[in-house]
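Notes follow once the structure below has been shown.
The values are calculated or read from the model by the stated rules, or taken from the named source; none is laboratory data. Computed from a prediction, not measured in an experiment: that's the story for all the values here. For accessibility, only protein heavy atoms count, side chains too; no ligands or nucleic acids. Shrake-Rupley method; radii C 1.70, N 1.55, O 1.52, S 1.80 Å.
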Amino acid sequence: MAIRSSWIVLYLSLLHLVGIYLFTRGFLLSRLSLSTVSECSSTSAALPCTLPPTHTRAVFLVVDSLRFDFLSPHPPEPHSPYHHNVLTLPRELTAKRPRNSFLFNAYADPPTATLQRIKGLVTGSLPTFVDIGHNFGGASIAEDSIIQQLQRANKTIAFMGDDTWLSVFPTSFHPEMTHDFDSFNVEDLHTVDNGVIANLFPLLTNSSKWDFLVGHFLGVDHVGHRVGPDHPTMLAKQKQMNDVLQNVVDALDKDTLLVVLGDHGMDHKGDHGGDGDLEVSAGLWIYSKGAPLSSKNPPTSHLPHKTFPGEPTSHRSVQQIDLVPTLSLLLGLPIPFNNLGTVIPELFWRDHSGSDYAKALDINARQVRTYLDAYRNSASGGELDGVWDALAASWARFDASKSKEKPQAAMQFTRLALETCRSLWAQFNPALMVGGLGVIALSLVVGWGIYERSRSLGEWDDSVSPLGRATLISTVVGAALGAAAHVPLQNVQQFHGVSLFQLVLFGASVTSGVWVLFSAPPKLRVSWSTPVLLLHSLSFFSNSYTFWEDRAVPFFLPFTLVPPLLAALSAPTARLRSRILVFSTLFAHRLPRGAAPWCSVTFFSGAGAAEPPLLARVLLFPAAVLVPYAIRRVLAISKSDNGIAVLLLYVVPPALVTGSAYWFLEWLDASGDYPDLRGARTALAWTSVIAAFGGTALWMFLPVTLHISSERAPGAQNKTEVRVLGFANAFGAPVAVFWALALVPVWLAAQPTAQITLALATAALFAHLELVDATRDARAIHASFATNPAGALAQLQQQQGQGQGWRLAFFASGHQATLASVQWKSAFVLTSTVSYPLSPLLVILNTFGPTALLALAAPLIGIWNVAPLAPTSAPDGGEGQGQVAMTSQAPQAALAAVRAALGTSLYFGALLLGSALSAAWLRRHLMVWKVFAPRYMARRGAAAARGRRGAVRALDRRRARRRPRCAHVRAP
């Protein structure tokens, strides 16, 4: 009986995706941007909007990824010879001219991506977590900014450097003084910097042509991404930057203010994007060659200090967005409307009483109050309801305070406003979040009911087939109900922001899901693995367990070996018993251990080096050769190493070897000893891709691993003996070959240490398949599925073991559910610059490749070592006497593949629901954007990666339809 109801698999996938979409749209919203522009009104002279300028021009130089310790006079100990005490000009001038030169440790709000930091540096506003997705292609800034204020004051702005600025300010710079350079070629360490230098100094010597000059250097950032901060190349680059700054200071006139800063820092590997201490600590240097900016030090209560990790002493610290109101007032401009920064005291304390500082703070505080009032009156003003009383009380204290107390009260108010908005920097739509959670939970319950109907082919067709038309009708009815509810719900405040499309999706999903649920209700059965899955899902409510999920997974994983070991004790033969024990041991010891408890992370060779460790470089090529050899050896157990399996000999090994060779050459190229290897690396990468696609094309035309031979039967006349090798695994072997081909692009996108992890995970996968097959033989699981409901639970436990194994592979390949762990270097495997869609796809493959490979391997649990034909009872007489009846197992194999995929979906769906619930419940938690939101995003990405399994299931069904339903073979 063929499977006539495979539509249910697509339906469950869509139901799951609708839940993810609704929850994500409610949880990850962009911050509300007010388009109001600050302006000075002639009717309010008593309340000035700015101060007289101290300088008529400014040079604004961004040294991308300029971490504070690169400039610090007391760098961390032990000092790095490559990036400490190298860029020394700022600290030397600060020590020599303390009233003209100021050095700060500036806190850069996460996400620490260049586009988001540029927005913060010019608007004084805060980014949101979801803004990180815009870093590859930002839209123009609609908010008020210092650039817009300069334009309104008829100032001329020159620009040179990172072309990201032009994506947010496409028409703001003078066309004849705009020199932009490609920012995403991280392997080019000098072109952008040399271009800035070539255009910067001619303008410095002719300062009458411009009023504000922006230069953005990228070399330090690219060196960090390429080789890390602890490398001789970083030393050379910082020496170049020090010489550039010295030449800039020499060329400045006394009426030009110099601002040098990093947009963010970098971690010990040279990457950024997250909220680690090294990533959010950026250097900031402000220098006036002419008149001093300060006459004495302000009160210490206005001067917070912070200790950089590893430094022996604390240093003056500011918020990076404090530069926006400070620079605006120094240039005589109004403070941008959305600003939440506070003026820097040292730059305005010009007399004994600090009168200019008091005026600056008063203007600053009133600007922040105006912004809060406007936000309060906006569509998202309800976000401030819970904190408005505290803000109003702080403002009242400032407004009522005496002149001597006003600066302190003003600073307290602006800092309270900043911290309040920082905690509310994203809006939430509770209605969409609850709706999404409900649909995700409903998809799990419906999926479990369908999963239980997969125990036998007859039950599947009898239970699921009649649901098709009714489910379609209920979907249409639900969509109509959702559309009808849109108009009345718009009058309910809780449903503001919920679109017609979203209500239609919700109504269609809930109505159809409830119909399927009542038609195929699940039965509550608890197995030993249920508490483990619940504990794993509930652990996401703890930030500590979420941080250490990489250590929790190895703790949960051994529980998956309990059923096979119990089966070994009752195995009917010694061969089965030894087979189960051997493959259990192999599965346990071949899992990647890079993140196991009490192990140190060795993904890179050192704390400051972004290069693979020596062991990974030594094992790189042997692993690439041994992986396809090992798969072929496993197939040889069932004599399935024939036919299309030849790809494991002639296509997969060269493809994996070229993928490893790419990263080996990348390491040589980064070392500096063998330059100009980019062309060879690109050729190797494309060779690997072409080999994978070519092998896949061959597999599509002939997905068979059988070898058929015939010869005359000995001692018999006119009889031919036909031998079919690989018949016992005719379903599983072709899928295993396809899986090996799919491994190639993931292998190419993975860095060397991750390739070793993938090799170990591959060994664990096939050991697990053999273990499942041995356990299935011991329990006669084919018969138990038809008669014993516990059989379904047994296979779900097998899916959980495989799922946890590949979760461990995700962590051991250098990934975590944090932005900082994204391995951006993989974006440049096929091209030297960012190329769409190749670069994003490569990053996705690098991050979610192990999960996608698990999805592709899921059907193998159901079809591994399942023969296409099974003997049935032979007729006792009549025409069929002397024949053995063989019945096709293709429908059962296809059902088993679907069942295995459903089990995998249920396992990961439970983890997704746990992470989504934790993110929703703790959305106001202090660490929501550091812990819970990234964990949900990781789980959402894993859910999307699982969508690839549908292709394999379709191929399995296609092959199943080509098999004969039964055959008669004459007995010898």
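Quick rundown of the values:
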{"item": "Nearest-10 value in Å² for the accessible area of His352, using the 1.4 Å probe", "result": "150"}
{"item": "With every protein chain in place, segment 368-512: carbon and sulfur % of accessible area (1.4 Å)", "result": "63"}
{"item": "Accessible area expressed per residue, segment 102-253, with surrounding protein chains retained (probe 1.4 Å, Å²)", "result": "32"}
{"item": "Accessible surface, segment 667-736, averaged per residue in Å² (probe 1.4 Å)", "result": "58"}
{"item": "Extension gain, Leu32 back to Gln408 (0.36 nm per residue minus Cα-Cα distance, nm)", "result": "132.4 nm"}
{"item": "Solvent exposure, largest accessible area first (probe 1.4 Å, DNA, RNA and ligands not counted), of Arg366, Arg117, Arg633", "result": "Arg633, Arg366, Arg117"}
{"item": "Net lengthening on full extension, Lys96/His352 (0.36 nm per residue, minus Cα-Cα)", "result": "90.0 nm"}
{"item": "Apportionment of accessible area to carbon and sulfur, segment 668-773, percent (1.4 Å)", "result": "65"}
{"item": "Percent carbon-and-sulfur accessible area, segment 272-318, ignoring ligands, DNA and RNA, probe 1.4 Å", "result": "54"}
{"item": "Among the listed pairs Lys119/Lys155; Lys96/Lys359; Lys96/Lys402, those beyond 26 Å (Cα-Cα)", "result": "Lys96/Lys359; Lys96/Lys402"}
{"item": "Solvent exposure ordering (accessible area, 1.4 Å, most first) of Arg681, Arg712", "result": "Arg712, Arg681"}
{"item": "Heavy-atom SASA rank of Arg91, Arg453 (probe 1.4 Å, accessible area, largest first)", "result": "Arg91, Arg453"}
{"item": "30 Å Cα-Cα reach of Lys719 towards lysines, excluding residues that sit fewer than 8 places from it in its own chain", "result": "Lys639"}
{"item": "Descending principal axes extents, segment 372-443, alpha-carbon based, whole Å", "result": "63, 19, 15"}
{"item": "Solvent-accessible surface (1.4 angstrom probe) belonging to Asp193, in square angstrom, nearest 10", "result": "0"}
{"item": "Accessible-area value, Leu614, 1.4 Å probe, nucleic acids and ligands omitted, Å²", "result": "120"}
{"item": "1.4 Å probe accessible area per residue over segment 393-487, in Å²", "result": "41"}
